[in-house]
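Please treat every number below as a calculation from the coordinates, not as lab data. The model shown is predicted, which means the values in this text are computed figures rather than measured ones. Reconstructed Cβ throughout: ideal geometry from the backbone, glycine too, with neighbour counts over all protein chains shown.
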Ligand code: PGA
């Protein structure tokens, strides 16, 4: 049984005080939510403030990125143990904005997955095709490559700590979410590829999320599909009421 996971990715938004206000409101709105996991990923500089508000409650802390080494001369970078020390449970890896604006390759993404697993974190590997790749009929090929390379040398024993997020680049921040059918198709394809890589039983433990313009209006459609184990929410996660509505969409 996979427990649904809803993650809010705040991206480069909120100062520590703004983050506290947002998360306090969220904690209030999410009271009584059961049988699913909910996490927020504030910027590094707001992790501590958010962690103080959520304490050991049901809301979990996630980071947006990490470095692939454990420590050392990497100016500006943050390691897995720094995130663990602040109480992070999850970490996003290979978000398309990291791939596009920060030049992250599948190889680096893979090293980051290993760093997260070396520590105690649960990585959320983000994969997804660009619009021209979909139009050229290459979407499966792109996903297979990102999954195979991103998970290179990852032992099946780590499957229960692994989450995949299907985030088509053309759907992120555009207001143009994938259809439920597209999300289900991608999810099936990803599961199939995970089975080939990790084996059937370990692959069945991996959660597969959808991300890209998720809103209170379209969330119930995704929630109704057993193939979609949750969502990764960007813009709508900055509004407590919208994020809470997505969490309560019937997972
Ligand atoms: P969006 O972002 O919900 O604003 O489209 C999703 C994401 O980048 O994870």
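Odds and ends about this structure:
- Averaged over residues, the count of other Cβ atoms within 10 Å places the peptides 151-158, 207-214 in the sequence 207-214, 151-158, highest first.
- Residue order, fewest to most surrounding Cβ atoms within 10 angstrom, among 190, 147: 147, 190
- Sites residue 53 and residue 192 - FRET efficiency at Förster radius 35 Å, r taken between beta-carbons, to 0.05: 0.30
- Per residue, the convex hull around the alpha carbon atoms of the stretch 78-146 comes to 85 Å³.
- In this entry, the stretch 134-237 is assigned a mean projected area of 6.5 nm², taken as a quarter of its C-alpha convex hull surface.
- Proxy reagent accessibility, fewest Cβ within 10 Å first, across 107, 95, 67: 107, 67, 95
- Reference-scaled alpha-carbon Rg (2.2 N^0.38 Å with N residues) for the chain: 0.93
- Mean projection area, nm², convex hull over Cα of the stretch 1-57: 4.1
- Projected onto its three principal axes, the C-alpha set of the stretch 197-251 covers 39, 19, 14 Å, listed from the longest axis down.
- Percent of beta bridges antiparallel (DSSP, the chain, rounded to nearest 5): 0
- Long-range Cα-Cα pairs in the stretch 1-123 (distance over 20 Å), rounded percent: 43
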